[in-house]
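One structure below.
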Amino acid sequence: MKIEIDDKDKCILRELLSDGRLPYSELGRRCGLSRQTVFNRIRRLLERRLIKKFSTCVDAEKLGLSFKAYVLIIAKPDKTLREELADFLRRCRCVTQLHLLFGRFDFFVELLVRDKAELTAFIKNLHAFGAVERTETFMVYETLKYEPEAPLLAMLDAGGGI
């Protein structure tokens, strides 16, 4: 569902995407609003679920999670088995993204693990699961760009609604 927002809300969102720790007073200064107005607007954006949450971006590599992989899964047609597989994948701590797909594959999974051994263990557990017919795994050896906020900033800068 598309939500229309004004230029002041767009300014607040742009600034928060750049630095989510900015105090309300600084957001107000940058967007030409009072601290209280910024507070009220952010509360409204949270209520409307345009802002889902506030989080911190941690360098996973420095914590030892330096191995990223993508797994495409073809699941067996049994609906109950597919739901069990989806629940299993949702619970896996190493799964950072899980998507249902149209097309040849049924699931797209992004993993973040320590090493190839941990990836291998995950794949073995996955194949032991009754719902998996076939997988295809892609291991990332270098990330050239990681800017999940870039399309959001482009939309906010374009002047169109969200």
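If each residue's Cβ is checked for other Cβ atoms within 10 Å, how do 82, 29 rank with the fewest at the top?
Ranking 82, 29 by Cβ neighbours within 10 Å, fewest first, gives 29, 82.
Counting only residues 5 or more places away or on other chains, whose amide H sits under 5 Å from the amide H of residue 51 once H atoms are built in the peptide plane?
Under 5 Å from the amide H of residue 51 lie the amide H atoms of 46, each far enough along the sequence or on another chain.
Would you mind ranking 120, 137, 56 by Cβ crowding within 10 Å, fewest neighbours first?
56, 120, 137
Fewest first, what order do 95, 38 take by the number of other Cβ atoms within 10 Å?
With the sparsest Cβ surroundings first, the list reads 95, 38.
Can you list the lysines whose alpha carbon sits under 30 Å from that of residue 10, skipping same-chain ones fewer than 8 residues off?
2, 52, 53, 145
About the Cα centre of the chain, what is the dipole size in debye to 20, counting +1 per Lys and Arg Cβ and -1 per Asp and Glu Cβ, all else neutral?
500 debye
Which cysteines in the chain lack any other cysteine whose Cβ sits under 4.7 Å from their own Cβ?
When partners are defined as cysteine Cβ atoms under 4.7 Å apart, the chain leaves 57, 92, 94 without one.
Around residue 25, what is the net charge, scoring Lys/Arg as +1 and Asp/Glu as -1 over all other residues with Cβ under 13 Å from its Cβ?
Around residue 25, the surrounding residues sum to +2.
Given R₀ = 22 Å, what would the calculated FRET efficiency be for residue 26 paired with residue 145, taking r from the Cβ atoms and rounding to 0.05?
0.20
Every read-out reported here was derived from the displayed coordinates using simple, explicitly stated rules and does not represent laboratory data. No experiment lies behind these values; they were computed from the predicted model shown. When we count neighbours, we look across all protein chains shown, and the Cβ atoms used for this are built from the backbone with ideal geometry, even at glycine.
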